[in-house]
1. Looking only at segment A:69-79, which residues are more than 9 Å from every other protein chain (Cβ to nearest Cβ) and either in contact with a helix residue (DSSP H, G or I) (Cβ under 8 Å, 6 or more places away or on another chain) or surrounded by fewer than 21 Cβ atoms within 10 Å (Cβ to Cβ) (or both)?
2. If you check A:21, A:28, which single one turns out to be more than 14 Å from chain B (Cβ to nearest Cβ), crowded, with 19+ Cβ neighbours inside 10 Å and closer than 22 Å to residue A:159 by Cβ?
3. Return yes when residue B:135 is buried (at least 24 other Cβ atoms within 10 Å of the Cβ), in contact (Cβ under 8 Å) with a residue 12 or more places away in the chain and either under 24 Å from residue B:187 (Cβ atoms) or more than 14 Å from the chain's Cα centre (by Cα) (or both) and no when it is not.
4. Applying the selection to segment B:164-182, what residues are in a helix (DSSP H, G or I), touching a strand residue (DSSP E or B) at 6+ places or on another chain (Cβ under 7 Å) and more than 14 Å from residue B:246 (Cβ to Cβ)?
5. Exactly one of these conditions fails for residue B:82: (1) crowded, with 21+ Cβ neighbours inside 10 Å; (2) more than 20 Å from the chain's Cα centre (by Cα); (3) within 14 Å of chain A (Cβ to nearest Cβ). Give me its number.
6. Only one of A:77, A:115, A:86 is at pLDDT 95 or above and touching a strand residue (DSSP E or B) at 6+ places or on another chain (Cβ under 8 Å); which?
7. Do we have any residue at all in segment B:228-242 that's touching a residue at least 40 places away in the same chain (Cβ under 8 Å), farther than 23 Å from residue B:67 by Cβ, within 20 Å of the chain's Cα centre (by Cα) and buried (at least 19 other Cβ atoms within 10 Å of the Cβ)?
8. Determine, yes or no, whether residue B:255 is at positive phi and surrounded by fewer than 18 Cβ atoms within 10 Å (Cβ to Cβ).
């Protein structure tokens with residue numbers, strides 16, 4: 001398939017296209033039915049995407065608080081590895097935008113840029129803030145309709161809020177993703193201030209609400225009973241809201257293998273992500289190419 | 001040398017420090033004597049910088065129009081290669097800042113962010129806009145005083161305006177740099193609108209002024225008589241101000257070997273730089289480690 005012909009089949013608008021490591025880093029916009037607003041997403045197409053008839057594996061990347069689809073594609077340096085491995089990388093935005101919901105732009109850690117990858121159930125968020133369904137259903141369906149991807153070979157990874165998003169996407173959909181990984185994920189949102197703020201807003205109820213557990217990776221992994229799933233995490237030290245030790249304990253309980261690298265001296269920035277994104281893509285390639 | 005002790009010897013202020021690929025990406029600020037203003041510069045210290053007594057080679061990166069010291073360190077992905085090769089990378093800012101010169105912030109391609117790496121001779125720029133002396137003298141002297149670098153093993157590279165800057169630094173100082181490379185450099189500023197605007201402002205005179213030739217890479221390389229110097233250039237197509245064909249013709253005249261890669265489909269962005277920065281660092285390593 002010739003990459004330049006892809007646009008003919010799409011319901012997307014191409015926002016940008018840059019040749020990169022022999023492939024193309026592209027950004028598209030579309031009207032999301034799930035989120036009822038215009039959304040951007042990024043797609044890296046490695047050189048192998050031009051091979052006639054070849055269907056490639058795809059890895060989804062979910063970004064953290066305040067990010068858009070741009071941060072990862074500009075700063076992580078993932079294209080080099082994706083080009084070598086023949087993997088497509090898809091990066092959605094982190095929330096609906098411009099929905100005119102009162103208060104949507106008041107906080108950096110709630111509303112715009114902070115969708116937490118849940119399907120909101122509380123007013124006024126429940127109409128638009130359906131990032132879980134967007135990321136696990138609408139976006140993959142659009143990607144599979146429009147790009148040379150194998151629908152049976154997808155994996156997911158993310159950073160911080162998006163690391164938690166990747167974990168719940170893999171844990172809740174049981175078998176939809178071949179593998180999952182995260183950089184310094186929020187591990188146990190029902191037990192940290194960022195998570196409590198987000199869940200009380202999007203899901204309603206208060207601290208201790210049982211419905212929250214269906215959106216908490218630590219709660220979900222403790223009772224996981226889906227196909228085998230190995231979790232890879234890179235974590236740095238010194239951030240007391242992330243709670244990786246709670247996740248690891250719950251993984252043991254749920255019999256889900258987890259490899260946790262504590263990377264001393266690193267921080268929450270993309271310098272950390274760039275340093276280890278190659279290892280994460282190798283982790284996914286192991287399952288996607290098995 | 002322990003990297004954490006470096007700060008004790010310096011006249012710099014550490015602005016940021018991020019662990020990256022086993023080393024550190026740092027940004028410092030200092031009061032420049034040459035430019036008479038506060039300047040930021042970035043330094044990537046690979047893991048080898050911690051080896052007791054070892055002096056590492058250093059490559060200077062000069063950015064293009066509108067950039068600061070941040071663009072390259074966030075977007076080029078060079079730290080991975082520098083970590084593997086044991087090379088320190090230093091990135092200065094692109095111009096003096098905040099000098100309160102009338103008009104300094106009026107254009108994106110002249111004044112702030114657009115110093116063109118020349119020593120200005122015309123009022124009101126000549127007091128501060130001395131980027132050539134800053135980049136080739138003041139900054140290397142400070143770096144050599146404060147970091148574990150070998151003063152006899154330095155090379156230089158850059159992008160666009162900074163690609164031209166790298167070429168004139170290597171050609172004018174004859175032997176100071178072991179090697180030079182450039183991404184889509186402005187090759188012949190006396191013959192293109194960006195260059196004519198900059199040179200008439202910083203150097204005075206008008207189109208055809210003989211003094212301009214001392215700051216034009218194509219003019220300089222045609223009469224180069226210094227130590228052997230091989231130029232590596234990656235260029236994309238379709239930009240008619242860059243004039244690589246003029247430089248290559250002049251290299252033949254000056255008997256300076258040049259390797260020009262025309263990278264079809266790429267553009268002026270950091271996606272282009274990221275795709276080939278590994279090749280550029282390998283080029284420099286060949287000479288720095290000879």
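1. Once the filter is applied, which keeps residues that are more than 9 Å from every other protein chain (Cβ to nearest Cβ) and either in contact with a helix residue (DSSP H, G or I) (Cβ under 8 Å, 6 or more places away or on another chain) or surrounded by fewer than 21 Cβ atoms within 10 Å (Cβ to Cβ) (or both), segment A:69-79 yields A:70, A:71, A:72, A:78.
2. That would be A:28, the only listed residue that is more than 14 Å from chain B (Cβ to nearest Cβ), crowded, with 19+ Cβ neighbours inside 10 Å and closer than 22 Å to residue A:159 by Cβ.
3. So residue B:135 passes the test.
4. Matches in segment B:164-182: B:165, B:166, B:169, B:170.
5. Every condition holds for residue B:82 apart from (2).
6. The conditions single out A:86.
7. Yes, segment B:228-242 has at least one match.
8. Yes; evaluated as a whole, the condition is true for this residue.
The values are calculated or read from the model by the stated rules, or taken from the named source; none is laboratory data. Bear in mind that the values here come from a model prediction, so they are computed numbers and not experimental data. Heads up, the Cβs are rebuilt from the backbone with ideal geometry, glycines too, and the neighbour counts pull from every protein chain shown.
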